[in-house]
Amino acid sequence: MMLFHEEELLLSVKRGDASAFATLYQRYRPQLLMEAYQKVRNQQEAEDIVQEIFTSLWQRRRELSINISLKHYLYRAVHLQYAYKCRRNEVARRFVSHAYYTSPESAVPRNLENKELGQQIREAARHVSAPACRKVFELLYLQDWSHKEIAQDMNIQPQVVKNQVSRALKVIRTRLREVEVV
């Protein structure tokens, strides 16, 4: 349950009271900053996360519906903002990686490397003794099927597909290490 004073401040913020918002900001900013810093280990990024949370809180003040303590709500916001930042960074990393592999400057050498690596992976896949594991691996990685498509085609559960892929990957990784690819 929210403390009365906290609830009163929140109602004032909802009505657009900037001094009530400043009070909330001063009260929770140091704690949220520490929480954000523990996640990102960078002072500027932590400050950006906290600033984004308070900016969003102010912008959405009229439609806020907080049924838990404000402190808990704000800590949860730090966690969600951090998760969003991680997803955004992962998307950027993938884009940069993809751009590198598809750029005209790197196309010829990468295509040759990828072709050779693909041949070595196919060769290693031949060492997967279980036919179902090998088939699942080939459909997933070499023919670009989804887990769901494979499960439907082979009349098995998606979890079985994941298990079969995992087994095949263990054999393939071991084989590739033996030939010093990985």
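The values are calculated or read from the model by the stated rules, or taken from the named source; none is laboratory data. If you're wondering where the values come from, they're calculated on a predicted model, not measured in any experiment. Don't worry about glycine lacking a Cβ; one is built from the backbone with ideal geometry, like all the others, and counts go over all protein chains shown. Side chains included, ligands, DNA and RNA excluded: accessible areas come from the protein's heavy atoms. Shrake-Rupley method; radii C 1.70, N 1.55, O 1.52, S 1.80 Å.
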Inset, instruction - May I ask you to list pairs of residues, at least six apart or on different chains, whose Cβ atoms are under 8 Å apart, with the first in segment 67-79 being surrounded by 14 or more Cβ atoms within 10 Å (Cβ to Cβ) and the second being among the acidic types (D, E) and at pLDDT 90 or above? - result: Y75/E35; V78/E35
Legend entry - Number of the exception - I49 against (1) surrounded by 15 or more Cβ atoms within 10 Å (Cβ to Cβ); (2) modelled with pLDDT under 90: (2)
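Having 1 or more residues that are modelled with pLDDT of 85 or more is the bar; report the helices (runs of 4 or more DSSP H) wholly within segment 60-165 that clear it. Show your work before the answer.
Details: elements: 70-102, 104-125, 131-137, 147-154.
So the answer is 70-102, 131-137, 147-154.
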Inset, instruction - Exactly one condition in (1) charged (D, E, K, R); (2) open to solvent by 90 Å² or more (accessible area, probe 1.4 Å); (3) modelled with pLDDT of 95 or more is not met by R41; state its number. - result: (3)
